[in-house]
Amino acid sequence: MVGKSRFCCGPGQSCCDPETNSCCQNPGDLCCGPAGPGGGPFCCSPGQTACCSTEKNLCCPPGQICCDPGNACVDVENDPSNCGNCRIVCPDAGPLNSTPTCVDGTCQWACNSGYTKCGNACCPSGSSCCNGVCTPLNTINNCGSCGKVCPNPGLPHSYAACNNGTCGFQCNAPY
């Protein structure tokens, strides 16, 4: 470097930019460079990721990475808009009454509130997952639970019925 003097940081500091005499206060700090907003160095502690731009600098906490545009720190393990990496958006590919999710960096789906997962479907309240199929639990073949069949009452002028998950019988009209 002709015409420039060499600069050294003080004890316990790390060099951010020798041309502007910028130092980070701790050894191992990551630096966004000499010209962060405010004119001084922008330093991130070890374990953090430096998210640097001419507009704003951020230190991303452990478990997050820097994604552009917008210069934002994101959790690519759990963010459906940045799943597995920056700008990988989880599609709305799940069944009716589901929402895309990101779990361990992989796009998946989860049933909305009030629905339960059943194979590749979301069962509404009052149904259960019987052999991989959403099944209402208020019928004589599935009364209160999967496969619970209401027996014929064996009474004249009556038939089997399911009421609130309990087997019983109903009388034929006009009885």
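Calculated on the alpha-carbon coordinates, the convex hull of the range 77-130 measures out at 65 cubic angstrom per residue. For volume of the Cα convex hull per residue in Å³, the value computed from the atomic coordinates appears in the list (1) 136; (2) 116; (3) 165 under label (3). Annotation: average projected area of the range 57-99 is 3.4 square nanometres, based on the convex hull of Cα atoms across all directions. The calculated FRET efficiency for the pair ASN97 and CYS9, based on their C-beta separation and a Förster distance of 41 Å, comes to about 0.10.
Where a number appears in this text, it was derived from the coordinates with a stated rule and is not lab data. Since this is a predicted model, take the numbers as computed values, not measurements. Cβ: placed from backbone, ideal geometry, glycine included. Neighbour counts: every protein chain shown.
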